[in-house]
Structure formats: C-alpha cells, structure tokens
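What follows is one structure encoded as structure tokens, with my remarks underneath.
The values are calculated or read from the model by the stated rules, or taken from the named source; none is laboratory data. Just so it is clear, the model here is predicted, and its values are computed rather than measured. Virtual Cβ from ideal backbone geometry, glycine too; neighbours counted across all protein chains shown. Just the protein is used for accessible areas: all its heavy atoms, side chains included, with ligands, DNA and RNA removed. Shrake-Rupley method; radii C 1.70, N 1.55, O 1.52, S 1.80 Å.
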Amino acid sequence: MSPVSEAGLTCLREMRRNLRSAKGIVMGLLFLLGGAAASLIYAAVSELTNPNRQGHDVPEEAFRDLRQKVWAEVWNADIGGYLADSPSIFVALFKGSLWFIPFMTLMIGFEQVCGDLQHRTIRYTAIRARRESIVAGKFLAIWGVVAVLLFALHAFVWFVTLIRADASFSQVLVWGPRMWGLSAIYTAAYAGLTILVSSLTRRPVISLFLGLIFFSLFWVLDLAADVARMAESERFSWLQYVGYAIPDYYEAWLVTPKAPQMLGAMAILLAYGVGATAFAGWVIHRRDI
Amino acid sequence: MTEVAPSYAVSLRTISKAFGATQALSGVTFDVVAGDCFGLIGPNGAGKTTAFSIIAGYLHPDEGMALVLDHDARATDVLKARLAVLPQDAMLPPYESVGEFLVHLAMLQGIPRAKAEAEARLALKDVDGSEWWGRRCGKLSHGMAKRVGLAQAFLGNPEVVLLDEPTAGLDPRIAFEIRQLIKKRKGHCTLIISSHNLHELEEICDAAAILDHGQVVASGTMEELTAAAKEFRIQIRKGPVALDAIQAIAGVSRADYDRKSRTITVHCDQYEGEAEDIISLVLMHLLQNGIKISSVSKGKGLEKRVMELTE
C-alpha cells in the first residue's frame with residue numbers, strides 16, 4: 001500500500017473520530033453559534049445603520065464607497081477597491097475567522113499525535129503503516145475538520161445573507177466560497193503547526209500549553225511587525241522581516257487583487273502546513289513509540 | 001546428505017538499548033526458527049518487553065541489528081501484514097467500536113475494503129468475540145480487550161506474531177482460553193511469546209531465550225533448556241529405594257533420592273538411545289521391587305532452570 005493510501009485511510013478515520021467525538025460536536029455547535037451570532041450582529045447593525053432600511057433611498061454606489069474606505073483602512077487601497085464589491089459580512093467573517101482559526105485548530109488537534117503516544121495506541125497502527133503517513137493523515141484530518149466547521153459557519157452566513165436579500169445570489173456564489181476557501185488555506189498552516197506541537201511530547205496537556213505559547217508568540221510577533229512597519233522605524237526594521245516567518249503575515253496577500261501575490265500566499269501557507277507536518281513526521285519516525 | 005540450515009523468522013544480533021542510565025539490553029543475540037513457537041523468559045526488568053519492542057520496530061536499538069523475515073525490523077513497508085504484535089501496554093482506542101478498529105487495521109495492512117470487514121469479523125469470531133463488534137473499545141473488560149488485541153494480532157494471518165504477556169492479569173479461565181487460542185495458531189506462523197507463566201511457556205513453546213538483567217543467559221530448544229534428555233524425576237509413594245541398582249542400569253550416571261519429597265532424580269549419560277528407554281528401564285526396576293509410583297517428569301522443569309539462571 002502506498003504512503004498516500006495510508007495517509008488517506010488515517011485521515012478518514014481521524015475525521016470520523018473528530019466529528020463524532022463530544023469535542024467535535026461541541027466545536028461544530030460553537031461554529032454554528034458563531035455563524036448565528038455574526039449574522040445576528042450584522043442584521044442588527046444593518047437595521048440600525050442602513051438608511052435604506054428606514055425608508056431612504058441611498059444608492060448602492062455610496063455603500064460601495066464606504067466598504068472600499070473601510071477595507072482600505074484595514075488593509076490597503078488596492079484591497080479596499082477589490083473587496084468593495086463583496087458583501088461586507090463575508091469579508092468581516094474572513095477577517096474574524098483568521099483570529100480564531102489558530103486556537104480552534106489547536107483545540108481540535110492538540111492531542112492528535114501525543115494522545116496516541118501517551119497510551120501507545122499508535123503501536124497498533126505503526127506496525128501496519130509508515131509513521132510519516134500516520135502523521136500526514138492526522139494533519140489532513142485536522143485541516144479537513146476545521147475546514148468543514150468553517151464551511152458550516154460560512155454557509156450559515158450565506159444562507160442568512162440570501163434570506164435577508166443583503167446580497168444577490170451571484171455575489172454570494174462568487175464571494176462566499178472564495179472567502180471560505182481562503183480561510184481553509186490559512187488553516188493548513190496552523191493544522192501543520194498543531195501536528196508538529198503534538199508530536200513533540202507524549203502528554204496532551206503539555207502539547208496544548210506549548211501550542212498556546214507558540215501561537216500567542218506568533219500573534220505578538222505579527223503585531224510587533226505591523227507596528228514596526230507602521231512606525232517606519234529604522235531601529236526596528238528587522239521586525240518587519242520577522243513577519244515573513246509568521247502565517248498571519250500573509251492575510252493581506254490572500255485578499256489582494258494581484259493574482260500572483262495571492263497564489264504566492266496560498267503556496268506559502270500550504271508549504272508551511274506541509275513543512276511542519278514533514279518535520280513532525282521526521283520527529284515521530286526517529287522517536288521510540 | 002547436506003543438512004539444510006534453518007531459516008530464521010527473527011534474528012537479534014548484539015542488540016543493546018539503554019533508557020537514560022538504565023541499560024535495558026546488552027548484547028542480546030538469539031534466533032527464532034521460522035514456524036517455531038518461541039518463548040522470551042525472564043524476571044521483571046529483564047528486558048523482555050524492550051526486546052519485543054525492538055523486534056516490532058517500536059524502539060531503535062542503540063547498537064546491533066534486528067532482522068524480521070530478513071528485513072530490518074523497522075521496514076514497515078515490507079513487513080506490513082507479515083509481522084503483527086499484541087503489545088502488552090498499548091491501549092485500544094477507547095472512542096472507536098471494535099468493528100471499526102479492526103476494519104481500519106485490516107485496510108491499513110492492505111486488505112481490500114470489500115474483504116476487510118469479513119476478515120475482521122472472522123478474526124473476532126476466532127477469539128469468541130463476535131458479539132463485541134459494535135461495542136466501543138473503551139467499554140471492554142480487561143479480558144475482552146486482550147482478546148480483541150489477539151484478534152488484531154492474528155488479522156490477515158501474518159507470518160510472525162509477537163505476543164507480549166498474552167495472559168497477564170487475566171483470570172485462570174480466560175487465561176486458559178487464550179492459551180487454547182494461541183495453541184490453535186501454533187504451526188500456522190512463527191509465534192514469539194513473552195510470559196511470566198513458565199508452565200504456560202513450557203507447555204506451548206518449542207524454544208526459548210532466558211533473559212536476565214538485559215542479557216541472554218540461556219537459549220535453545222525447550223528440551224535443551226530443561227535438560228530433558230539428561231535428567232528425569234520419579235516421585236514415589238513409599239520406599240525403600242535401592243539407588244545402587246538404579247545406578248547400575250545402562251545409561252544412568254547417577255541417582256539421588258530426596259526423602260522429604262520422596263523423589264528420585266536420575267541423571268543420564270550421553271546415551272545413544274532415547275531418554276525414554278532409560279526411563280522405562282528404571283520404572284520397570286522400581287515396579288518389580290514393589291514401589292508405587294506417583295508421577296514421572298522429564299528434565300528439570302523450566303521454572304527450576306530459570307531460577308538457577310536468574311537472580
């Protein structure tokens with residue numbers, strides 16, 4: 001059997017296990033609640049602030065300009081112009097999900113490898129499949145599970161958007177799956193990092209703790225890189241380069257209208273996930289189980 | 001006529017393994033003939049489980065080489081479905097049903113999806129566990145979990161099966177049933193069994209290695225280990241025993257009598273015939289002299305031999 005088949009079998013088993021476990025069900029509910037909350041907040045804000053909802057007749061162009069300004073403020077003018085055509089709830093959902101994806105991925109996957117090492121359950125599978133394939137299968141499973149949960153979250157919002165007629169069907173079809181797809185690509189990097197953290201120890205609690213430290217450090221470094229960039233300080237210019245090593249840096253690249261840059265970001269995030277998984281596979285291959 | 005060299009299913013060559021400051025194995029070397037049932041014997045901490053884990057490819061030896069079916073023990077891709085293990089201390093996945101677990105393992109070892117369920121059901125039936133198919137592994141009793149462990153080890157008829165303490169912690173009835181299951185498999189594959197139950201190993205195994213403090217202190221066929229051809233014991237109901245007359249029988253080098261246990265120990269010479277011939281002659285002599293015999297046993301018994309060899 002090829003390593004790909006081994007990884008595929010492992011992935012399907014782990015996805016089934018995760019989605020059926022109490023943790024998976026709770027996470028699924030949380031994601032759906034998140035979608036419901038986002039939709040409700042959006043609906044409430046839109047009812048209160050959209051003059052057209054109160055009988056006025058503000059042209060769509062004015063809303064487009066407003067969206068352009070807001071997204072240009074968040075990212076840059078190019079991106080603002082590009083995302084101005086997208087329903088704002090979709091972009092807000094994308095931006096918001098990037099905040100919680102690292103921690104959700106960690107919550108779902110922190111015990112994927114170390115849980116099997118702790119009770120030596122891995123011994124049943126490691127005699128039948130290459131250890132690297134097992135690790136790769138677990139990476140694909142975490143990535144898949146988070147992508148499925150994100151889909152549930154996004155789909156809920158698409159549905160509400162259509163029901164409330166806040167966007168046309170074609171807008172939902174064009175921008176909805178795109179924003180979900182970009183979130184899913186971003187997840188790959190953190191799924192790989194979660195697997196790596198989980199392979200470094202036998203104890204799930206230590207894996208969770210390490211992951212929290214690791215991801216918080218990323219967040220702090222990314223913030224520091226942003227501040228250094230904005231301050232244009234010569235003294236801290238090196239911090240800007242640190243940003244390149246952090247998946248969060250590529251958020252803006254994912255929503256840029258420049259196709260090569262967007263594809264580059266997707267490739268880098270996927271490479272991040274695959275690279276971290278390969279390193280985890282190497283660790284597990286070398287260690288006694 | 002040229003003698004054909006036996007083919008080995010497992011060969012350990014000068015294997016050493018340390019965990020920190022503790023030397024678990026030191027220069028361990030032994031071979032397991034293909035098709036044999038081989039016992040790994042030794043007290044706690046002797047290194048049995050470490051040796052098992054190295055043969056299964058779970059642990060890297062610090063030195064030496066472990067070969068299984070002429071391949072490095074860690075070559076999972078070539079040994080898949082040919083080598084199987086009942087690990088002593090590996091927990092079954094508690095969240096998964098027994099059926100799902102076995103089907104997944106069957107598919108991982110290359111059994112096509114269409115056949116995997118049938119193979120898994122058959123393996124479970126062989127351990128009398130058909131009714132546990134839908135039960136979660138975490139809900140199984142210790143004895144049931146051990147049987148499911150055995151089912152996965154025999155799944156797909158592997159060529160080499162390692163059973164680490166297969167009856168440890170089980171009540172005598174279940175231990176007996178598991179021994180019967182293992183006996184049923186004897187002759188169909190190479191079995192390597194580690195156990196504290198020496199009577200069990202003496203009963204099942206063709207050969208064994210005795211480990212102590214991480215070293216092999218003896219290895220060979222069960223007959224060689226127990227000196228079965230060199231010594232036998234006769235327990236009698238009452239004496240007197242004419243030891244001189246027994247020592248005069250052809251092939252007998254020495255005979256001792258222990259009054260307390262009423263046991264005659266007969267040591268044999270290098271003798272061209274079989275030990276059974278000498279036993280028959282000695283028994284005939286005793287019966288002719290009106291001595292009532294309680295039992296006869298060949299060799300020292302594995303337990304005594306292990307006690308002599310290990311501290």
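Could you check, for segment B:99-110, whether at least one of its residues is within 14 Å of chain A (Cβ to nearest Cβ), surrounded by fewer than 16 Cβ atoms within 10 Å (Cβ to Cβ) and not charged (D, E, K, R)? Talk me through it step by step, then tell me what you get.
Step one: filter segment B:99-110 for residues within 14 Å of chain A (Cβ to nearest Cβ), giving B:99-110.
Then drop every residue that is not surrounded by fewer than 16 Cβ atoms within 10 Å (Cβ to Cβ), which leaves B:110.
Checking which are not charged (D, E, K, R) leaves us with B:110.
Yes, segment B:99-110 has at least one match.
Taking each residue of segment B:14-28 that is of a type in the set (Lys, Arg) and looking for partners that are part of a strand (DSSP E or B) with beta-carbon atoms closer than 6 Å, six or more apart or interchain, yields B:Lys17/B:Ala24; B:Lys17/B:Leu25. Pairing residues of segment A:113-126 that are more than 7 Å from chain B (Cβ to nearest Cβ) with residues that are surrounded by 19 or more Cβ atoms within 10 Å (Cβ to Cβ) and among the acidic types (Asp, Glu), at Cβ distances under 7 Å and at least 6 apart in sequence or on separate chains, gives A:Ile122/A:Asp116. If the condition is being among the hydrophobic types (A, V, I, L, M, F, W, C), surrounded by fewer than 18 Cβ atoms within 10 Å (Cβ to Cβ) and in a helix (DSSP H, G or I), then segment A:240-261 contributes A:Val242, A:Ala252, A:Ala259. Here B:Asp258 passes the criteria (1) open to solvent by 40 Å² or more (accessible area, probe 1.4 Å); (2) touching a residue at least 60 places away in the same chain (Cβ under 8 Å); (3) more than 15 Å from the chain's Cα centre (by Cα) except the one numbered (2).
Taking the numbered list (1) away from chain A (no Cβ under 14 Å); (2) crowded, with 23+ Cβ neighbours inside 10 Å; (3) small (Gly, Ala, Ser) in turn, B:Gly143 passes all entries but (2). Only one entry of B:Ala168, B:Ala228 meets the criterion of being farther than 15 Å from B:Leu86 by Cβ, modelled with pLDDT under 85, open to solvent by less than 60 Å² (accessible area, probe 1.4 Å) and not in a strand (DSSP E or B), and that entry is B:Ala228.
With the requirement that a residue be open to solvent by 40 Å² or more (accessible area, probe 1.4 Å) and more than 30 Å from A:Ile195 (Cα to Cα), what does segment A:76-106 give you? Within segment A:76-106, A:Asn76, A:Ala77, A:Asp78, A:Tyr82, A:Asp85 qualify.
Taking B:Leu69 as the residue in question, decide whether it is within 14 Å of another protein chain (Cβ to nearest Cβ), on the phi > 0 side of the Ramachandran plot and at pLDDT 90 or above.
Details: within 14 Å of another protein chain (Cβ to nearest Cβ): yes; on the phi > 0 side of the Ramachandran plot: yes; at pLDDT 90 or above: yes.
When the stated conditions are applied, B:Leu69 passes them.
Of the listed requirements (1) in a helix (DSSP H, G or I); (2) buried (at least 20 other Cβ atoms within 10 Å of the Cβ), A:Gln112 misses just one: (1). Residues that are under 21 Å from B:Glu303 (Cα atoms) and open to solvent by less than 60 Å² (accessible area, probe 1.4 Å) within segment B:183-196 comprise B:Leu191, B:Ile192, B:Ile193, B:Ser194, B:Ser195, listed in sequence order.
Kindly evaluate A:Glu132 against the criterion of being in a helix (DSSP H, G or I) and either of a type outside the set (S, T, N, Q) or on the phi < 0 side of the Ramachandran plot (or both). Steps first, answer last, please.
Numbers: in a helix (DSSP H, G or I): yes; either of a type outside the set (S, T, N, Q) or on the phi < 0 side of the Ramachandran plot (or both): yes.
Taking the combined requirement at face value, the residue satisfies it.
Checking A:Tyr244, A:Tyr272 one by one, the residue that is under 16 Å from the mean Cα position of the chain (by Cα) and of a type in the set (Phe, Trp, Tyr) is A:Tyr272 and no other.
Entry remark, segment A:22-75: residues being more than 19 Å from the chain's Cα centre (by Cα), of a type in the set (Phe, Trp, Tyr) and either at pLDDT 85 or above or surrounded by fewer than 12 Cβ atoms within 10 Å (Cβ to Cβ) (or both) number 1 in total.
Sort out which residues of segment A:163-185 are of a type in the set (A, V, I, L, M, F, W, C), buried (at least 17 other Cβ atoms within 10 Å of the Cβ) and assigned to a helix (DSSP H, G or I), and write them in order of number.
Keep residues of segment A:163-185 that are of a type in the set (A, V, I, L, M, F, W, C), which gives A:163, A:165, A:167, A:169, A:172-175, A:179-180, A:182, A:184-185.
Narrowing the set further to residues that are buried (at least 17 other Cβ atoms within 10 Å of the Cβ) leaves A:167, A:172, A:175, A:179-180, A:182, A:184-185.
Selection gives A:Val172, A:Trp175, A:Met179, A:Trp180, A:Leu182, A:Ala184, A:Ile185.
Could you run through segment B:57-69 and say how many residues are without any contact (Cβ under 8 Å) to a residue 60 or more places away in the chain and in a loop (DSSP other than H, G, I, E, B)?
6
When segment B:8-66 is limited to residues that are basic (Lys, Arg) and away from chain A (no Cβ under 14 Å), the one that is farthest from B:Arg305 (Cα to Cα) turns out to be B:Arg13.
For segment A:141-156, filtering for residues that are open to solvent by less than 20 Å² (accessible area, probe 1.4 Å), touching a residue at least 60 places away in the same chain (Cβ under 8 Å) and farther than 15 Å from A:Arg13 by Cα leaves 4. Candidates B:Ala24, B:Ala90, B:Ala106: the one that is in the same structural domain as B:Ala208 (by TED's automatic domain parsing), within 20 Å of B:Leu162 (Cα to Cα) and in a strand (DSSP E or B) is B:Ala24.
Is there a residue in segment B:181-201 that is in contact with a Leu (Cβ under 9 Å, 6 or more places away or on another chain), part of a helix (DSSP H, G or I) and β-branched (Val, Ile, Thr)? Yes: one or more hits.
When B:Lys80 is tested against (1) of a type outside the set (Gly, Ala, Ser); (2) open to solvent by less than 40 Å² (accessible area, probe 1.4 Å); (3) modelled with pLDDT of 90 or more, just one condition goes unmet, and that condition is (3).
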